[in-house]
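Working notes, beginning with the structure itself.
The values are calculated or read from the model by the stated rules, or taken from the named source; none is laboratory data. Remember, it's a predicted structure, so these values are computed and weren't measured experimentally. FYI the Cβ positions are ideal-geometry reconstructions off the backbone, even for glycines, and counts take in every protein chain you see. The area values use the complete protein model at the heavy-atom level, side chains included, leaving out ligands, DNA and RNA. Shrake-Rupley method; radii C 1.70, N 1.55, O 1.52, S 1.80 Å.
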Amino acid sequence: MATIGVTMKTWELISIVLLALMAGMFHGPWAALSRSMSTFTPEVFLAIVDRMNRNMAPVMTVLMPASLLSIVPVLILSYHERPLTFALSATALVLFIVALLVTILVEVPIVEEIATWTVSTLPADWQQLRDRWLRFHLIRVIAGLASLVLLVVGAIF
């Protein structure tokens, strides 16, 4: 039984650290850019999107699945022994899946489209697409941070 407790604490720590890294990946760009994104000239906007995509995509491709999978052992180990931890971790997993779906279904396709643009080929509605990305990014930030908070609360209580 003590081994299960140590194993559980280990997986809780791993999942919290991974989700903290993901929360940083979600929150950092939002905090740094979202309030001023609408003031950027097309040249600056395209350069920022290109740089962020090249820097973040390889990291998120590994970190998102690892973060998601790290919650599964916590769920398995807490199922019978710690119902509150299980419930909070299950809710955290659902919220993280929301963040993952927003990323895959909305944000990545928008970024991939923007990556094909140049200043001379900007579509007439480029600002609406930028604003759609920002709205969905906020959903991802909230879901990611809430997921992290629930995991931490589940580990503490």
Among the residues of segment 49-82, write down those that are among the charged types (D, E, K, R) and either open to solvent by less than 30 Å² (accessible area, probe 1.4 Å) or assigned to a helix (DSSP H, G or I) (or both).
D50, R51, R54
Does segment 25-39 include one or more residues that are loosely packed, with under 15 Cβ neighbours inside 10 Å and not in a helix (DSSP H, G or I)?
yes
Please tell me if L88 is assigned to a helix (DSSP H, G or I) and in contact with a Gly (Cβ under 6 Å, 6 or more places away or on another chain).
yes
Given (1) in a helix (DSSP H, G or I); (2) surrounded by 13 or more Cβ atoms within 10 Å (Cβ to Cβ), number of the condition W117 does not satisfy:
(1)
Considering only residues that are among the acidic types (D, E) and either in contact (Cβ under 8 Å) with a residue 24 or more places away in the chain or under 19 Å from H27 (Cβ atoms) (or both), which ones fall in segment 100-130?
E107
What is the number of the single condition among (1) open to solvent by less than 50 Å² (accessible area, probe 1.4 Å); (2) closer than 21 Å to A47 by Cα that D131 does not meet?
(1)
Please find, among A99, A92, the residue that is modelled with pLDDT of 95 or more, buried (at least 17 other Cβ atoms within 10 Å of the Cβ) and in contact with a Lys or Arg (Cβ under 9 Å, 6 or more places away or on another chain).
A99
Condition check for V141: among the β-branched types (V, I, T), surrounded by fewer than 17 Cβ atoms within 10 Å (Cβ to Cβ) and either under 18 Å from G24 (Cβ atoms) or out of contact with any Leu (no Cβ under 9 Å at 6 or more places or on another chain) (or both):
no
Selected residue (criterion: nearest to the chain's Cα centre (by Cα)) from residues of segment 1-15 that are open to solvent by less than 40 Å² (accessible area, probe 1.4 Å) and over 25 Å from V108 (Cβ atoms)
E12
Quick one: would you say F45 is under 12 Å from the mean Cα position of the chain (by Cα) and touching a residue at least 40 places away in the same chain (Cβ under 8 Å)?
no
Using the structure shown, decide if L105 is over 18 Å from T61 (Cβ atoms) and either part of a helix (DSSP H, G or I) or out of contact with any helix residue (DSSP H, G or I) (no Cβ under 9 Å at 6 or more places or on another chain) (or both).
no
